[in-house]
């Protein structure tokens, strides 16, 4: 690996170039880790749901704990109306979590450290939530932009601010995850570089930082997946319950 | 000293990162659009497959498993509750039987005692009656004897008196006059002699 901390984020083609019309959809290292994460999720949860024993084994316990964790998170933030969207939020949470965690293994690629990936995920959420809102409330969904109890003089300003904040949701959602992952991994790379450049004499301090940062980054990996999922729940709550 | 430098380096690095991010310089591979389409495509594909498989196959199974376990535990708790109730009922029944039998035993004991007391009383009465009868009989005999005794004594007294008179005086006195005197005496002093 090169000394430049940003080279870890480079995407390169694996195998031949695949073209779909004018678009290049070649299989890359990013695609590889998306596939690995998805497969890992599917394998773990398939094993965890295969047989139902009264006293669950470890993998079943893991699957069921994740299930109850996410379902509790959804019912706490978005209420019982959000139940049909449970599988989507569960998939989203697990996908982001596994991509983040897989990125913590040295020499792997972190899918979620790419703005385009997080932006597409956030756009799924944004478009989905907007569609749900309009289906549930029709044109009345626009009331989301008109908070109650605001003086009529301030209303034009508030509505503009609300619209901007609504439209910036996918950006804030995607940039939060992307920036966190990128910053964390860059920091770890920088400290790793310090260990090498300072050698046996001075390298111990950055090494200890590196160890501490690894722990922190694992926490961040979980936390950002959680934040991503819970913000999705909150947006969904806005669309389902419309009390602003 | 070295520590200070490290801390400064960390902070500078953070600033550096922020500046890189803000400036969107060419140094960030994330902003190179060469593989954007590929990433979007593969993300949609993998995430879509993940979502479909999870929502159609795996999550319903986990949900069913959880529900089954919940209901099974509930059933077990209910069964345990039922058994507890039945055992309590049986205990109550047992207590009832014991108290009933105790009462019965008491009753039997009382009855037996009453019977015995009655029998004893009856026997006592008959015995009392018999004793009374015998006492009356004996009293009658005594009375008869007593009545006879005064006449006999009078007779004896008359005979002895006449003999005494014969010996003392040498002449026979008329029996009837003696008997009159004896009768008179016995009438006057009969109480003294017979204790009546």
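Throughout, read-outs are computed from the coordinates displayed, never taken from laboratory work. In this text the structure is predicted, and so the values were computed from the model without any measurement. Note: ideal-geometry Cβ built from the backbone for every residue, glycine included; neighbour counts use all protein chains shown.
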Given the conditions (1) away from chain B (no Cβ under 12 Å); (2) farther than 21 Å from residue A:243 by Cβ; (3) part of a helix (DSSP H, G or I), and given that residue A:153 satisfies all but one, which numbered condition is not satisfied? (3)
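Check A:182, A:187 and return the single one that is in a helix (DSSP H, G or I) and under 16 Å from the mean Cα position of the chain (by Cα).
Of the residues listed, the single one that is in a helix (DSSP H, G or I) and under 16 Å from the mean Cα position of the chain (by Cα) is A:182.
For (1) free of Cβ contacts under 8 Å to residues at least 40 places away in the same chain; (2) part of a helix (DSSP H, G or I); (3) farther than 20 Å from residue A:39 by Cβ, each residue gets a yes or a no:
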{"site": "A:61", "(1), (2), (3)": "yes, yes, yes"}
{"site": "A:64", "(1), (2), (3)": "yes, yes, yes"}
{"site": "A:71", "(1), (2), (3)": "yes, yes, yes"}
{"site": "A:97", "(1), (2), (3)": "no, yes, no"}
{"site": "A:126", "(1), (2), (3)": "no, yes, yes"}
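Would you call residue B:172 in a helix (DSSP H, G or I) and either in contact with a strand residue (DSSP E or B) (Cβ under 8 Å, 6 or more places away or on another chain) or at negative phi (or both)? Steps first, answer last, please.
Working: in a helix (DSSP H, G or I): no; either in contact with a strand residue (DSSP E or B) (Cβ under 8 Å, 6 or more places away or on another chain) or at negative phi (or both): yes.
Taking the combined requirement at face value, the residue does not satisfy it.
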Taking segment A:49-67, which residues are under 13 Å from residue B:58 (Cα atoms) and more than 7 Å from chain B (Cβ to nearest Cβ)? A:50, A:51, A:60, A:66
Could you go through segment A:166-173 and let me know if any residue there is more than 14 Å from chain B (Cβ to nearest Cβ), outside any helix (DSSP H, G or I), out of contact with any helix residue (DSSP H, G or I) (no Cβ under 8 Å at 6 or more places or on another chain) and farther than 28 Å from residue A:102 by Cβ. yes
